[in-house]
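Below is one structure, written out as structure tokens; comments come after it.
The values are calculated or read from the model by the stated rules, or taken from the named source; none is laboratory data. Predicted model only: the values in this text are computed from it and were never measured. Cβ coordinates were reconstructed from backbone atoms using ideal geometry, including for glycine residues, and neighbour counts include every protein chain displayed.
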């Protein structure tokens with residue numbers, strides 16, 4: 001099933017696209033890689049990688065500028081955590097770079113044709129692999145799938161998201177390798193959501209009464225190609241090859257995710273050979289040329305679904321006035337930021353959806369840089385200059401802090417540029433940065449920040465449902481779940497999001513999401529700067545790296561990575 005190709009207007013045709021997907025995983029990955037690179041078969045033959053080794057060889061040290069800290073895959077997490085999750089855990093199915101669903105813990109993708117889903121999309125029957133074991137040797141079964149889905153419905157469980165899962169009814173274990181459920185109503189994004197839902201072990205977690213107990217986070221157990229090795233906080237996470245893995249690979253003995261907070265140091269260690277690969281947040285644009293010229297390494301410029309925003313906490317009084325948000329955006333020189341500070345390495349955008357999305361709206365108003373008009377807008381809205389020249393209205397000073405990850409020097413330069421740009425307009429911005437573990441911890445999740453520069457992925461595995469990011473019910477400070485840390489609220493956006501997930505017709509869904517983008521562009525809860533083309537790197541004799549826009553980490557297929565001589 002392709003979640004990137006057009007849907008027809010009936011559920012029958014939607015799900016029957018699953019047929020023909022049971023291709024060996026190696027072939028699927030190879031075809032997807034060729035498609036992503038735009039290579040013909042003839043070209044690919046000329047660029048063919050050497051054969052995989054007959055036995056595991058060596059280790060991979062991947063450098064990260066942010067530290068993975070949360071290893072329970074169903075709880076609140078960040079993109080950098082998911083590189084670890086994708087190698088420790090398995091989902092029912094995965095998503096290829098081309099957007100195709102590929103069986104993982106299932107034997108086949110459920111469809112109308114194979115009896116896995118009813119014609120109305122409400123009745124599901126899932127067939128699971130036999131012989132799969134957890135890292136501790138316990139057998140995997142349908143009981144684990146049911147436990148996972150039940151856990152996500154438990155209001156006391158601090159879920160990353162309950163989107164879609166709350167609609168499940170009558171979850172029934174038919175046998176160790178078969179499970180059924182009923183959906184309360186048709187929910188279009190659920191195939192995509194399940195691709196991002198990792199299954200957790202019932203035999204380990206069923207007796208846990210305090211879901212915030214860190215025991216599982218400190219030593220997680222999955223069914224993935226690597227198992228937990230060790231973590232040294234502030235330094236690294238080590239994963240070891242899983243000898244019991246049901247799939248192909250892994251082809252290395254271990255993977256080490258090495259935390260290097262200073263991005264210049266990260267680049268230096270990579271070109272010096274101390275680390276083998278650079279993942280999220282990648283090699284900054286100002287270092288691309290140096291890396292490109294370095295012998296023995298490869299620079300990958302990967303298209304991603306990340307959009308970089310100057311995000312506002314819409315729950316604080318400074319940003320509740322739409323005139324303030326519009327004036328700030330108008331006084332922001334986006335062209336200079338993208339050209340001079342980010343080296344023209346990304347795609348300017350006005351949307352939260354990537355331009356590859358079938359629901360992307362290319363007709364949004366383009367940003368206009370006009371500081372004089374921004375000042376007039378603030379004057380007209382009653383924001384008058386007060387003490388020290390800072391504007392005030394109704395006792396609220398137009399003063400706020402901006403926080404991002406300390407050591408991300410490009411974002412720190414953007415902060416300084418904006419601080420200087422806004423000051424003449426009577427807008428005071430202070431800079432308050434933190435290490436990644438602090439910045440993206442409770443400070444972020446509980447909306448304790450005031451503004452930030454952040455890269456975020458809004459869709460789920462290629463589906464443009466953004467309910468978790470923009471729905472008012474997904475504000476974690478209030479509900480305990482969701483990813484709307486901006487505390488954005490708009491009744492019409494809520495209505496359109498709720499309606500869209502129940503539509504069978506992709507054209508109708510597209511029209512709704514186009515409208516959502518128009519409303520958000522008008523409301524400006526965050527200022528979109530660009531869609532990111534991520535700079536990542538690998539040593540030339542390390543093979544298997546394959547960008548995948550449908551995941552939040554290109555460590556998604558490290559079980560397929562291997563070394564050549």
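Quick rundown of the values:
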| item | result |
| --- | --- |
| Scope region 136-167; condition assigned to a loop (DSSP other than H, G, I, E, B) and either under 30 Å from residue 473 (Cα atoms) or not assigned by TED's automatic domain parsing to the domain that holds residue 214 (or both); matching residues | 154, 155, 156, 157, 158, 160, 161, 162, 163, 164 |
| Neighbours by Cβ (under 6 Å, 6+ apart or cross-chain): first from region 441-463, without any contact (Cβ under 8 Å) to a residue 60 or more places away in the chain; second surrounded by fewer than 22 Cβ atoms within 10 Å (Cβ to Cβ) | 446/477 |
| Residues located in region 477-492, provided they are surrounded by fewer than 22 Cβ atoms within 10 Å (Cβ to Cβ) and at pLDDT 95 or above | 487, 489, 490, 491, 492 |
| Residue in region 359-375 that is assigned to a loop (DSSP other than H, G, I, E, B), modelled with pLDDT under 95 and within 24 Å of the chain's Cα centre (by Cα) present | no |
| Region 508-565, residues that are over 24 Å from residue 366 (Cβ atoms) and part of a helix (DSSP H, G or I) | 508, 509, 558, 559, 560 |
| Qualifying strands (runs of 3 or more DSSP E) (wholly inside region 72-135; at least 3 residues being farther than 25 Å from residue 552 by Cβ) | 123-127 |
| Matching residues in region 249-268 - criterion: being surrounded by fewer than 17 Cβ atoms within 10 Å (Cβ to Cβ) and either assigned to a helix (DSSP H, G or I) or within 25 Å of the chain's Cα centre (by Cα) (or both) | 262, 264, 265, 268 |
| Which listed residue, of 354, 348, is surrounded by fewer than 19 Cβ atoms within 10 Å (Cβ to Cβ) and either outside the structural domain of residue 442 (by TED's automatic domain parsing) or within 30 Å of residue 261 (Cβ to Cβ) (or both) | 348 |
| Members of region 456-468 found to be outside any loop (DSSP other than H, G, I, E, B) and either over 16 Å from the mean Cα position of the chain (by Cα) or buried (at least 22 other Cβ atoms within 10 Å of the Cβ) (or both), listed by number | 460, 463, 467, 468 |
| Qualifying residue in region 183-196 (condition: assigned to a strand (DSSP E or B) and surrounded by fewer than 21 Cβ atoms within 10 Å (Cβ to Cβ)) | yes |
